[in-house]
Amino acid sequence: MDADRPLLRARGVTRYYGARVGCRDVGLDLWPGEVLGIVGESGSGKTTLLGCLSGRLEPSAGTVEFTGRDGTVVDVLRMPEPALRKLARTDWGIVHQNPRDGLRLGVSAGANVGERLMALGARHYGRIRATAFDWLGRVEIDRERIDDWPETFSSGMQQRLQIARTLVTEPRLVFMDEPTGGLDVSVQARLLDLLRRLVTDLGLSAVIVTHDLAVTRLLAHRLLVMRGGEVVESGLTDQVLDDPQHPYTQLLVSSVLQP
Amino acid sequence: MLLVEGLHKTFTLHTQGGIQLPVLRGVDLAVYPGECVALTDPSGSGKSTLLRAIYANYRPQRGRILVSHAGGKVDMVEAGPRDLLAVRRLTIGYVSQFLRVIPRVPALDVVIEPLRAFGVARDEALERGRALLARLRIPERLWSLSPVTFSGGEQQRVNLARGFVADFPILLLDEPTASLDVASRALVVELIRDALARRTAIVGAFHDAEVREALATRTVTLHGAGAAA
């Protein structure tokens, strides 16, 4: 693939909800292997932006381009629906804040992981089960629980199962919405360690929305700071956290304990 | 290797009534391979600020920081995030006084991370990481534990191992021996001397006069170079 082409390029992405601004005029480039954090308080537009970038929300204006495996550039927002669904199945992964939104609760843990492979055409039951088995181990879920339903799992386990389900098809780009939100601190640390290893080992790119600056310090290469739907500051993660320029970023950074 | 010209850095504290703190006012500095330049100003005079600006951790308002990187020059003041990340991956190592790590990650993995980012295979990286931890006398039983629970001196040595494992052409050292005992300090001095022998260009703030005298090939005062007192 052409190394001089970002994996994801957004320009002027704007989304209104009636007269209210969801996000306004956001531009970004995400390069292969990079993790981009989007931070800001509730209502700052970060989840709206994530929805627009991943083709789940239609923006009022702007463009989002994605570079496919063969180097062709596609216009995410103007793609026909079936092509977009295929892209979401093959090259993308989405990790929802609430694991229940990303899992199928009525089927076993193993089936949750295997299903995504089958959607891509895998048919050999033994191989699908072996891959699911392997992935449960990678996200540190006891493999004996492969036939249990996710409803019997703790929320931290459900989140790890959702990550296994998302990454099993080896997507090139993962969108994550508050992946560590609502988890105990010890579980968070474990998940962060896991995510970081997976990003390094698989070389994937990710866009992570979070309000937790400490999470971005450990996971993201770069940050966008959002307020009132607009990007007020961007830079390398440590630049933004250690030398914030915008008054709002300074307030954000100085309001937390040791990010 | 490294050329700093007319560097200005002022902090504006918006949360405290917009107070302006000018820290660097027109700093010039040139560092050549095999040199160890020691910054010798009193604390609070901008040594850390300069080191952080060179690493592009702080964003200066004016001036240039030219770094020899991948056969060309990169201006750390102007470069975009992608170039900055590449310089940090391949060219500049930075050792601060503090270790920041994900809880649960073993010390050995923390140390070899820059090598892995460099593209060195895991087995070779592990071998080099182990050798360096042994050289810095971190007991082997600690290697598989997270450094979060280590003593200050142990954490600092893990941090040093992380900074020296990848043989960066340029190293920035911010008080690398601050919380070390005499024996460990001697080990670190030896480590830095080896790096100088490999023609590494080093800029450091060493508050310990003995360490400074043992290492510095040249001393520079920012105040003389135009920084705030």
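The values are calculated or read from the model by the stated rules, or taken from the named source; none is laboratory data. Everything quoted here is computed from the prediction, not taken from an experiment. Glycine gets a Cβ as well: all are built from the backbone with ideal geometry, and neighbour counts include every protein chain shown.
The table for this structure:
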| quantity | calculated |
| --- | --- |
| Wholly enclosed helices (runs of 4 or more DSSP H) of the stretch B:110-229 bearing at least 2 residues closer than 23 Å to residue A:218 by Cα and modelled with pLDDT of 95 or more | B:122-135, B:152-164 |
| Among residues of the stretch B:47-100, those that are farther than 27 Å from residue B:156 by Cβ, assigned to a helix (DSSP H, G or I) and within 10 Å of chain A (Cβ to nearest Cβ), counted | 2 |
| Any chance residue B:115 is more than 11 Å from chain A (Cβ to nearest Cβ), touching a Phe, Trp or Tyr at 6+ places or on another chain (Cβ under 8 Å) and surrounded by 16 or more Cβ atoms within 10 Å (Cβ to Cβ) | no |
| Scope the stretch A:179-200; condition modelled with pLDDT under 85 and either in contact with a Leu (Cβ under 8 Å, 6 or more places away or on another chain) or away from every other protein chain (no Cβ under 12 Å) (or both); matching residues | A:180, A:181, A:182, A:183, A:184, A:191, A:192, A:195, A:196, A:198, A:199 |
| Number of positions in the stretch B:1-32 that are within 14 Å of chain A (Cβ to nearest Cβ), of a type in the set (Val, Ile, Thr) and touching a residue at least 12 places away in the same chain (Cβ under 8 Å) | 2 |
| Residue that is more than 27 Å from residue B:116 (Cα to Cα), more than 9 Å from every other protein chain (Cβ to nearest Cβ) and over 20 Å from the mean Cα position of the chain (by Cα), where the choices are A:225, A:256 | A:256 |
| Count of residues meeting criterion [on the phi < 0 side of the Ramachandran plot and part of a strand (DSSP E or B)] in the stretch A:52-75 | 9 |
| Scope the stretch A:207-222; condition away from chain B (no Cβ under 13 Å) and hydroxyl-bearing (Ser, Thr, Tyr); matching residues | A:210 |
| Which listed residue, of A:83, A:61, A:111, is of a type in the set (A, V, I, L, M, F, W, C), more than 22 Å from residue A:150 (Cβ to Cβ) and without any contact (Cβ under 8 Å) to a residue 40 or more places away in the chain | A:83 |
| Unique match (being on the phi > 0 side of the Ramachandran plot and modelled with pLDDT of 90 or more) among A:235, A:203 | A:235 |
| Number of positions in the stretch A:150-205 that are hydroxyl-bearing (Ser, Thr, Tyr), touching a residue at least 60 places away in the same chain (Cβ under 8 Å) and crowded, with 20+ Cβ neighbours inside 10 Å | 2 |
| Any chance residue A:12 is at pLDDT 95 or above, within 19 Å of residue A:233 (Cα to Cα) and surrounded by fewer than 14 Cβ atoms within 10 Å (Cβ to Cβ) | yes |
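For (1) within 15 Å of the chain's Cα centre (by Cα); (2) of a type in the set (A, V, I, L, M, F, W, C); (3) surrounded by 13 or more Cβ atoms within 10 Å (Cβ to Cβ), each residue gets a yes or a no:
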site	(1), (2), (3)
B:119	no, no, no
B:124	no, no, no
B:135	no, no, yes
B:149	no, no, no
B:157	yes, no, yes
B:164	yes, yes, yes
B:170	yes, yes, yes
B:211	no, yes, yes
